[in-house]
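Novice: So that we are looking at the same thing, I have put the structure below in structure tokens.
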Amino acid sequence: MTIPAKSVMSKDVVTVPPEATVVETARRMLARGVSAVPVVDTHNRPLGLVSEGDLMRHFGAEAQEKRAQWLRMLAEGEALSPEYLAAIRLDQRRVRDIMRAPVISAGEEASLPELGDLMLKQGIKRVPILRDGALVGVVSRADVMRAVVDKLEELLEPTG
């Protein structure tokens, strides 16, 4: 028995446009309780993916210190303009600048073993599911595990 992606995928997918700020994206993820969001264009085609890990890299102390070092080097003892400082503030950064691309995706008919192999081979935790290039769902590792446990007896039936 094969179980297609469309039967286990989450359909209520939280997405963000590439113009969303890093802070807006973090707030949306927290409000919806998700650990990653696809970045989509106006036709719901995935452009990239942003995870909690991607966001943490930009909020961490190491990133803050690197930004401060670059600012000191750029300034060379001169005061930087308030406009420039406002433009590079973290809360003004756009998600398009930090998203991971290209998106590793699958079609609605992809089987659980195919999705599992894809996740393992690519080292990813979720796979956006596409129909005609547009996002229709996401299958996470938890979705795969839940489906396997729920269908364990059927999956272990002898074939032939």
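Laboratory data are not the source of any read-out in this text; all were calculated from the coordinates shown. Keep in mind the model is a prediction, meaning the values are calculated, not measured. Counting neighbours? That spans all protein chains shown, and the Cβs are built from the backbone with ideal geometry, glycine included.
Novice: With a 10 Å radius around each residue's Cβ, average the other Cβ atoms per peptide and rank 133-145, 115-127, highest first.
Specialist: 133-145, 115-127
Novice: Show the residues, 5+ positions off or on another chain, whose built amide H is closer than 5 Å to the amide H of Gly107.
Specialist: It is Leu130, by chain and number.
Novice: Moving to a separate point now. Non-local amide H neighbours of Ile3 (under 5 Å, H modeled in plane, Pro and chain starts lacking H): which ones?
Specialist: Those lying under 5 Å, H to H, from Ile3 are Leu112.
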